[in-house]
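The values are calculated or read from the model by the stated rules, or taken from the named source; none is laboratory data. Because the structure is predicted, anything quoted here is derived from the model rather than measured. Please note: Cβ atoms are built from the backbone with ideal geometry, for glycine as well, and neighbour counts cover all protein chains shown.
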Amino acid sequence: MNLPKLAIAALGGTVSMQPRSAGEGVIPTVSGETLLASVPELKSLAQVTVETLCLLPSASLDFECLLSVLSWAKYQVAQGAEGVVITQGTDTLEETASFFDYLWDHDVPLILTGAMRSAQQAGADGPANLLDACRVALNPNSRQRGVQVVMNGQVHHASSVRKTDSLAVHAFSSPIFGPAALLVEGHVHYLRSPVLRNVLPLPQQTLHKVAMLEASLSADTLIVENILKLGYDGLVIAGFGAGHVSEKWTTVIETIAGKIPVIIATRTGSGSTAQASYGFVGSEMDLIRKGAHMAGFLCPRKARILLWLLIGCQRQDEVTSYLE
Ligand code: GLU
């Protein structure tokens, strides 16, 4: 029987972690080949190729590294892969998923997964997540859905997924939107149709910087006042509630927004920013008037990824249309 080609890359993270010796903290050392050996069932589902592209905690992945992973994934598609799976740490999974999704111009599914329990921990979830991720990657209904995250029996779209718990096995959810699909007895059940995606060209530069600051009660303006001086090319604010900041921050943001793009998202973890509800100084209406853009449902971290990519391909003037 001609099995479909499936390409898997390991980048590190808890799924690849174990202690060097008893009593020590876990570190990424487990290769993609070893991860693959933990899911022997896969042999009957696909012709699998696996590569260990790096072994890092996901906090230390960076955009340059992600661009090289992306080019590896595109090469796998060119070689005939019908699904691509990447294993990595879960700490930044919601950001890497968005990064890849904005740039993934193939119908072939690109699926990210990881684990909350390390390789040798009792009840390790890595093998089950990897097998589920491969099932989703090979499922014909996963085509034209861009990048998705598979964790704990659920499939989440890159645009909505968030890590909403620090240590629980059910650490991932899609606030407001819910999972795109569920895995039931090894079968993938989509709950809704694919969303329309706006894919960006690859960035032509990578040295630009986008800062992200969170509004907090009685915060001073020292850092925000220095954003331009420090050479940032864009700013994302995780604002209060529906996208608000203090009066003190508002004046500074107006000056910054005259020079570089500023996006205001909500720091609440769920829901959208407003557009036309509040009129006080520092409200969304005031900030829009002063040149800032509202992130809508995009969380601050995903808004920062979008802005970095837009600046990288000189499309920052179109930021509003990408936030819609
Ligand atoms: N809990 C994280 C993980 O799942 C910690 C390490 C990391 O993100 O690489 O992998």
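Computed quantities for the displayed model
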read-out: Hits in the stretch 1-13 - residues which are at pLDDT below 95 and not hydrophobic (A, V, I, L, M, F, W, C); value: 2
read-out: Long-range neighbours under 7 Å by Cβ, at least six apart or interchain, first residue closer than 23 Å to residue 160 by Cβ and near the ligand (Cβ under 9 Å from one of its atoms) within the stretch 106-128, second aliphatic (A, V, I, L, M) and part of a loop (DSSP other than H, G, I, E, B); value: 115/124; 116/167; 116/168; 116/169; 116/171
read-out: Residue list for the stretch 76-90, restricted to those being more than 16 Å from the ligand (Cβ to nearest atom) and within 14 Å of residue 112 (Cα to Cα); value: 83, 84
read-out: Unmet criterion (only one of (1) at pLDDT below 95; (2) in contact with a strand residue (DSSP E or B) (Cβ under 7 Å, 6 or more places away or on another chain)) for residue 294; value: (1)
read-out: Strands (runs of 3 or more DSSP E) contained in the stretch 144-229 and holding at least 3 residues β-branched (Val, Ile, Thr); value: 147-151
read-out: Every pair of residues 6+ apart whose Cβ atoms lie under 6 Å, when the first sits in the stretch 6-34 and is under 30 Å from residue 140 (Cβ atoms) while the second is part of a loop (DSSP other than H, G, I, E, B) and among the polar types (S, T, N, Q); value: 11/88; 13/88
read-out: Residue in the stretch 14-30 that is at pLDDT 95 or above, under 15 Å from residue 81 (Cβ atoms) and either crowded, with 21+ Cβ neighbours inside 10 Å or within 25 Å of the chain's Cα centre (by Cα) (or both) present; value: no
read-out: Among the residues listed as 302, 248, 290, 229, the single one being of a type outside the set (A, V, I, L, M, F, W, C) and crowded, with 23+ Cβ neighbours inside 10 Å; value: 302
read-out: Considering residues of the stretch 49-70 that are away from the ligand (no atom under 16 Å from the Cβ) and acidic (Asp, Glu) only, the residue nearest to residue 98 (Cα to Cα); value: 64
read-out: Extreme residue, surrounded by the most Cβ atoms within 10 Å (Cβ to Cβ), among residues of the stretch 92-105 that are within 16 Å of the ligand (Cβ to nearest atom) and among the hydroxyl-bearing types (Ser, Thr, Tyr); value: 96
read-out: Pairs where the first residue, in the stretch 78-105, is without any contact (Cβ under 8 Å) to a residue 60 or more places away in the chain and the second is within 16 Å of the ligand (Cβ to nearest atom) and not in a helix (DSSP H, G or I), C-beta under 7 Å, 6+ apart; value: 92/61; 96/61; 96/88; 96/112
read-out: Strands (runs of 3 or more DSSP E) contained entirely in the stretch 1-101, each with at least 2 residues that are under 26 Å from residue 179 (Cα atoms); value: 5-12, 83-87
read-out: Search result, residues across the stretch 160-200 that are within 16 Å of the ligand (Cβ to nearest atom) and either more than 15 Å from the chain's Cα centre (by Cα) or exposed (fewer than 11 other Cβ atoms within 10 Å of the Cβ) (or both); value: 165, 166, 167, 168, 169, 170
read-out: Qualifying position, being within 16 Å of the ligand (Cβ to nearest atom) and aliphatic (A, V, I, L, M), among 73, 10, 46, 22; value: 10
